[in-house]
Amino acid sequence: ANRAAAGRPPYRESKLTRILQDSLGGNCKTFMVAAVSPSDMNLEESIATLRYASRAREIVNTAKVNEDPQARRLRELEDEVSKLRTAANASDPAYVQEMQNRLELLQKESERQAAEMAALAIEKQQMENQKKLLNATEEEKARLQTERDQLARQMADTRAMQQRQSEEMQAIKKEHEAREQALKQELAERERAVQDMQAQLEGYEKGKRELEQTMQELSSERETKAQALKQLEARQAELSDLLGRKEASDAEKAALAEENAARERRQQAREVV
């Protein structure tokens, strides 16, 4: 209680106290809710929280209305004018005259204060408008900054995407070049194979032509030999016919010779007789 009276709230040094330092012990009313647990596991924490709340209850704040100094001065002047009017109604004429003069001065002062307050109200309104405009400008600035950050992120993402696409294009280009080189090599090998096959085919064609020519020559030779064979066969037939005729002629000659020999023997026999 003594510490509270001395203006030093009996709060412990904690993060919560630092957060609420503008409210605790100031010109305001503070409400606090202490939450405890019925579990035995949280007994120490519950006791510490209750002690904290009990110490907080010992603080008694005297809340005062936050009043503008100009408004407070104007209210004091109005109270003094009211008192002077009351006193003027119950005093002598000289004192009343003095009070009226003082009242006029106070009224002029009050009017001046009212004019100043009106000017201050206008200035305050202008300041509030400027503050709103500044807040709007700050909001617009924050929005533009947010859009700028988003645009920067988008540009960074776009650059990263372009970098990835460039790397992918380089990889695709290298792969395409390697594939093109492989295709060119394969095409050259195929062309060489085609040339070899064409050379072999030309050799085959040449051999075929030579074979056809040989076959034609053999066919012509065969026809010639066949014709000669036919001629030989005809000649042989003629010779066989001639031989047959000769054999028949020889047989006839032998028969004639035998017949002549028989005639000669018969002739000789007759001569002997």
(Q) Less than 25 Å apart at the alpha-carbon level, and either on another chain or at least 8 residues along: which lysines does that give for residue 230? (A) 246
Q.
Quick check on the exposure proxy: order 270, 222 from fewest to most C-beta atoms within 10 angstrom.
A. 270, 222
Q.
I'd like the FRET efficiency for residue 82 and residue 120, computed as 1/(1 + (r/R0)^6) with the beta carbon distance as r and R0 of 22 Å, rounded to 0.05.
A. 0.40
Q: Using a Förster distance of 25 angstrom, determine the FRET efficiency expected from the C-beta separation of residue 13 and residue 41, and round it to 0.05.
A: 0.45
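Full extension from residue 220 to residue 265: what is 0.36 nm times the residue separation minus their Cα-Cα distance, to one decimal in nm?
Numbers: separation 45, 0.36 × 45 = 16.20 nm, distance 6.48 nm.
Result: 9.7 nm gained on full extension.
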**Q.** Per-residue Cβ neighbour rank within 10 angstrom, fewest leading, 117, 41, 215
**A.** 41, 215, 117
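Any read-out appearing in this document is the output of simple, stated calculations on the displayed coordinates, not a laboratory observation. What you see is a predicted model; the values in this text were computed from it and never measured. For neighbour counting, all protein chains shown are included, and Cβ atoms are generated from backbone atoms with ideal geometry for every residue, glycine included.
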